[in-house]
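Below you'll find the structure, written out as structure tokens, and then a few comments.
Any read-out appearing in this document is the output of simple, stated calculations on the displayed coordinates, not a laboratory observation. Note that this is a predicted model, so its numbers are computed, not measured. Here Cβ is always computed from backbone atoms with ideal geometry, including for glycine, and neighbour counts include all displayed protein chains.
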Amino acid sequence: MPAKASKVTIADIAAEAGVSVPTVSKVMNGRSDVAPTTRQRVEEIIRRHGYQRRTDERYRKSNLLELMFHELESAWALEIIRGVEKVAGENGMAVVLSESQGRLRPGQSWLENVLARRPVGVIAVFSDLGADQLAKLRARDIPVVVVDPVGEPTPEMHSIGATNWQGGLTATRHLIELGHKRIAMIGGPQNVLCSRARVDGYRAALETAGLTVDPELMRHGDFHVEAGHKQMLALLALENRPTAVFAGSDLQAVGVYEAARAAGLRIPDDLSVIGFDDLPVARWVGPPLTTVRQPLQEMAAAGARMAITLAGGGDMEHHRVELATSLVVRSSTAPYTGR
């Protein structure tokens with residue numbers, strides 16, 4: 001005779017099904033990493049006993065999406081926020097913003113706060129979560145999706161990115177087609193995946209065109225205005241300065257504009273400039289900036305949808321998703337006319 005529902009525990013169900021308590025918990029949470037035959041057997045026993053789990057307040061999830069940045073001070077971050085908030089609103093959720101204060105890997109206090117908030121999922125942007133942090137979040141059934149991961153994502157990590165290599169190739173090829181041969185590259189941090197991919201695309205375009213990859217024309221910094229300004233000043237100090245520059249971000253390109261202005265150069269007559277991201281500022285600088293559009297809002301929205309799907313027990317066909325970049329030609333690039 002079956003035990004009364006009020007007396008049955010998860011341990012009883014696990015013992016009757018011949019599985020572990022965590023396996024029963026996975027079945028009840030709709031997790032996909034349980035064999036179909038095991039799932040069917042556990043679900044049949046649950047139905048037969050009429051078991052209903054008593055909610056433990058310690059693990060009840062809030063109706064929040066956690067959006068974590070390593071830094072928030074840029075128009076780039078605003079585009080990501082807009083994409084996540086759109087999806088959150090469609091699903092009746094709110095967004096909590098957190099920042100790791102410039103560190104690519106957030107600290108222990110961030111993790112403790114997230115576990116206390118019990119969000120539906122975590123969307124980590126341009127960040128590098130540690131294995132121990134990921135394990136603790138998984139233990140609470142809080143899925144993590146990384147947008148623009150810092151390093152190469154592991155096979156089990158869910159991540160969203162853009163076709164950065166193709167974007168770097170397209171940007172550089174555009175300058176080559178305009179007749180430029182002395183093309184400089186200001187990349188982002190050398191240890192960051194998207195930055196390396198853009199630089200690799202730049203190299204590939206030059207090599208395919210039979211042009212020399214000159215280390216003197218390759219510079220690196222962070223993705224902010226100051227880095228673009230500093231590195232462009234150094235490039236303009238060369239005896240044989242570049243006639244065109246591919247900046248690894250639109251914000252770097254703004255710094256390039258200022259360095260060119262200070263040197264008395266006109267864009268694009270004396271220097272062609274192309275950026276990356278297509279932030280709103282690209283349309284308003286003078287002249288409007290040619291750039292590679294990275295679909296930031298769409299990337300963020302895709303990450304939010306992925307987190308919500310995983311939280312609901314669904315599975316994803318692909319762990320890594322890359323959205324297409326595209327060239328946006330404006331007035332900051334022009335044919336090389338010699339000097």
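Annotations
- Taking a ≥ b ≥ c as the square roots of the eigenvalues of the alpha-carbon gyration tensor, the range 164-294 is classed rounded because a/c is under 1.5.
- For the range 116-158, the fraction of C-alpha pairs more than 12 angstrom apart is 58%.
- Ordering of 112-118, 173-179 by burial proxy (mean other Cβ atoms within 10 Å per residue, highest first): 173-179, 112-118
- Proximal lysines relative to LYS7, as straight alpha-carbon distance under 24 Å, when same-chain residues fewer than 8 apart are discounted: LYS26
- Based on the convex hull around the alpha carbon atoms, the range 46-198 presents an average projected area of 12.7 nm².
- Residues whose placed amide H lies under 5 Å from that of VAL95, excluding near-sequence neighbours: LEU65
- Between 0 and 90 degrees, the angle of helix 296-311 with respect to the longest Cα principal axis of the chain falls at about 10 degrees.
- Sorted by Cβ density within 10 Å, fewest first, the residues MET218, MET299: MET218, MET299
- Helix-derived mean residue ellipticity, 222 nm - over the chain, DSSP H n ≥ 4, -39500 (n - 2.57), to 500: -12500 deg cm²/dmol
- ³J(HN,Hα) computed for each position of the range 139-149 - Karplus, 6.51 cos²θ - 1.76 cosθ + 1.60, integer Hz, glycine/proline x: 4, 9, 6, 9, x, 10, 10, 9, 9, 6, x
- Pairwise label distance in nanometres, LEU211 with ALA15, each label 7 Å out on the Cα-Cβ vector: 7.4 nm
- For the chain, with +1 on Lys and Arg beta carbons and -1 on Asp and Glu, the positive-most of ALA282, GLN294, LEU265 along the dipole: GLN294
- Here the chain is treated with +1 on each Lys and Arg Cβ and -1 on each Asp and Glu Cβ, and its dipole about the Cα centre works out to around 880 debye.
- When you count the other C-beta atoms within 10 angstrom of each residue and take the mean per peptide, 12-21, 281-290 line up highest first as 281-290, 12-21.
- At q = 0.14, 0.16, 0.28 Å⁻¹ the log10 of I(q)/I(0) for the range 134-204 amounts to -0.54, -0.64, -1.21, computed by Debye summation with a single uniform scatterer per C-alpha, solvent ignored.
- In the chain, the alpha-carbon atoms span a convex hull of 137 Å³ per residue.
- Sequence ranges 144-154, 84-94, 184-194, ranked by mean other-Cβ count within 10 angstrom, highest first: 184-194, 144-154, 84-94
- Where labels lie 7 Å past Cα in the beta-carbon direction, separation of ALA234 and THR37 in nm: 6.3 nm
- Once the Cβ-Cβ distance of ARG105 and SER25 is raised to the sixth power relative to R0 = 41 Å, the FRET efficiency obtained is 0.90.
- Cα-centre dipole for the range 164-294 with unit charges at Cβ (Lys and Arg positive, Asp and Glu negative), debye to 20: 80 debye
- Percent of C-alpha pairs per 5 Å bin, the range 210-271, short to long: 4, 20, 32, 25, 15, 4, 0
- Centroid-to-centroid separation of the range 231-267 and the range 84-147 [C-alpha atoms, Å]: 37 Å
- Taking the Cα centre of the range 10-49 as reference, the dipole from Cβ charges on Lys and Arg (+1) and Asp and Glu (-1) amounts to some 100 debye.
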